[in-house]
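One structure is given below, encoded as structure tokens.
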Amino acid sequence: MGGRWAARPDAGAWTTAAPSANPFDDHWPAPQALDEAGLARIRDAHANAARRADRLGFDLVELLAAHGFLLHSFLSPITNRRTDSYGGTLANRMRYPLKVAAAIREVWPRPKALGMRITGCDWVEGGITTDEAGILASELRAIGFDYVCVSSGGISQQARPAVAPGYQVPLAAAVKKASDIAVQAVGMIVSPHQAEAIIAGAQADFVALARGFLDDPRWGWHAAAALGADAAYPPQYRRARPEHWPGAALAHAHLPGE
């Protein structure tokens, strides 16, 4: 996020929606503050999207309430300046995200996993705290969600996260301690041993990786070998198993963070 918009409304860009009509930054156009009709429309659109995902055969849905997106902007006091029942107190700021969550829970099959990515910290004074994130996680568990993924930031240009390997793991650990829901840690988790330490230390119940897999699409296989576990290989790749391919040992020796 950041920078200038490539297109403004007068150049054909759509008008975005938000809890309050405050732009992200000085050079950004103001969003439209949602009224009751708009809130209901977007809630129902989330539920319909979950129905489509089920029909298409997806096994998991993760609702996004982080990184400055709509539900995060309702939760954060930085962006939510409403004076009605959706703004002010934490209970009010959670009201709309929990309505959307409940609408999805109603249509998403119980045997399939359902989670929400939430924000553990806005990295801005006056923003979301880990205590508030823990309360939200408990509310989601009461609705019937299976887990939360704890991320952070993205709500303001003034945010200054202290980015380093595993920098968001303490946020996940705090939410896990404050709630009984399963917690996923994310953010600069690099090596298999780092990931294993997070789980073994009860800081989270599982981890998510993105850039690790973008860098190495076979990260899971390499992690299994590094940790002394086994992993299934499709027939086309069996000759690359560690016992058949001496290059595997060289690759594992150079995995970062070990």
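The values are calculated or read from the model by the stated rules, or taken from the named source; none is laboratory data. All values reported here derive from a predicted model rather than from experimental measurement. Note that each Cβ is placed from the backbone with ideal geometry, even for glycine, and that neighbours are counted across all protein chains shown.
Is there any pair with a first residue in the stretch 62-82 that is under 18 Å from Q158 (Cβ atoms) and at pLDDT below 95 and a second that is assigned to a loop (DSSP other than H, G, I, E, B) and β-branched (V, I, T) whose Cβ atoms are under 6 Å apart and which are 6 or more apart or on different chains, and what are they?
Note: pairs meeting the criteria are G68/I155.
What number of residues within the stretch 29-59 are assigned to a loop (DSSP other than H, G, I, E, B) and either touching a Gly at 6+ places or on another chain (Cβ under 9 Å) or of a type outside the set (A, V, I, L, M) (or both)?
Of the stretch 29-59, the ones assigned to a loop (DSSP other than H, G, I, E, B) are 29-31, 34-35, 56-59.
Now restrict to residues that are either touching a Gly at 6+ places or on another chain (Cβ under 9 Å) or of a type outside the set (A, V, I, L, M) (or both): 29, 31, 35, 57-59.
Number satisfying all stated conditions: 6.
Pairs, please: C-beta under 6 Å, at least 6 apart or cross-chain, first residue within 23 Å of Q158 (Cβ to Cβ) and in the stretch 22-45, second assigned to a helix (DSSP H, G or I)?
P29/P9
If you scan the stretch 95-150, which residues turn out to be touching a His at 6+ places or on another chain (Cβ under 7 Å) and outside any helix (DSSP H, G or I)?
T119
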